[in-house]
Amino acid sequence: QQQVKQSPQSLIVQKGGISIINCAYENTAFDYFPWYQQFPGKGPALLIAIRPDVSEKKEGRFTISFNKSAKQFSLHIMDSQPGDSATYFCAAKVVTSGSRLTFGEGTQLTVNP
Amino acid sequence: DGGITQSPKYLFRKEGQNVTLSCEQNLNHDAMYWYRQDPGQGLRLIYYSQIVNDFQKGDIAEGYSVSREKKESFPLTVTSAQKNPTAFYLCASSITGGDQPQHFGDGTRLSIL
């Protein structure tokens, strides 16, 4: 019940296209959903996060869509660029039960020029 | 600049040796974490600490040990009991509780000679 399932494992997109990464969870107590971006040899960095009281959050070319009834959330990268090539992780946590995050397995995104 | 410093960046261990990975943060965060990252398996939590002099096992604590004597420091020891220690190790910190993100260091890559 603590798992967060992420798909696809890898994704190849052409420059200018839309990249979509999906995550699903079972624990209905989760109430904070961040996305992290990781470049090779570096630690993950927070990209964008959402709480379940909103269905969508947009920051620049990055958008999180959240579907509470389906227990799913997704990351959309508009106008994908080669510099977006990285590994993306979704995560979730229960805000009131401390600070531990549950991570998805990661998606390796490649944006071809 | 505030951040998390992990050292060394690369570490080699002989069979039967214990090695200690350093993690220091100057973000004044109460909580600190250690993750192990293997290809295709995402981030797995080894240990975490939400306050000085206290820590909890994560999902894969066997063969590892930690200490939290100072707020700024959370060293991880990989013991000889860890049979497959080759991995990328990531340290993170956060404000305890709330919808606060975790901030990551740039990792230590441990290899067996």
Worksheet item: So which strands (runs of 3 or more DSSP E) stay within the range B:1-50 end to end and still have 2 or more residues that are over 16 Å from B:S94 (Cβ atoms) and within 9 Å of the chain's Cα centre (by Cα)?
Response: B:19-25
Practice prompt. Run A:G106 past the list (1) at positive phi; (2) crowded, with 17+ Cβ neighbours inside 10 Å; (3) more than 14 Å from every other protein chain (Cβ to nearest Cβ) and report the number of the one that doesn't hold.
Written response: (3)
Worksheet item: Name the residues in the range B:11-22 that are modelled with pLDDT of 95 or more and more than 9 Å from B:V78 (Cβ to Cβ), would you?
Response: B:S22
Worksheet item: Among B:A61, B:A81, B:A87, which is over 18 Å from A:Q38 (Cβ atoms), touching an Asp or Glu at 6+ places or on another chain (Cβ under 9 Å) and small (G, A, S)?
Response: B:A81
Response to the item:
Within the range A:64-86, the count of residues that are crowded, with 20+ Cβ neighbours inside 10 Å and of a type in the set (S, T, Y) comes to 1
Worksheet item: Looking only at residues in the range A:1-21 that are more than 11 Å from chain B (Cβ to nearest Cβ) and within 22 Å of B:Q102 (Cβ to Cβ), which one is modelled with the lowest pLDDT?
Response: A:Q1
Practice prompt. Give the residue that is nearest to the chain's Cα centre (by Cα), with candidates limited to residues of the range A:83-103 that are within 8 Å of chain B (Cβ to nearest Cβ) and of a type in the set (G, A, S).
Written response: A:S99
Fill in: Breaking point among (1) within 11 Å of chain B (Cβ to nearest Cβ); (2) under 26 Å from B:A31 (Cβ atoms); (3) without any contact (Cβ under 8 Å) to a residue 60 or more places away in the chain; (4) exposed (fewer than 15 other Cβ atoms within 10 Å of the Cβ), for A:P40
(2)
Worksheet, complete the sentence: Scanning the range A:30-68 for residues that are of a type in the set (F, W, Y) and farther than 30 Å from B:P8 by Cα gives A:F30, A:Y32, A:F33, A:F62, A:F66
Worksheet item: Do we find a residue being under 30 Å from A:R51 (Cβ atoms), buried (at least 16 other Cβ atoms within 10 Å of the Cβ) and at the interface with chain A (Cβ under 8 Å from one of its Cβ atoms) anywhere in the range B:74-90?
Response: yes
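The values are calculated or read from the model by the stated rules, or taken from the named source; none is laboratory data. Keep in mind it's a predicted model, so treat the numbers as computed, not measured. All Cβ positions, even for glycine, are placed from backbone atoms using ideal geometry, and neighbour counts span all protein chains on display.
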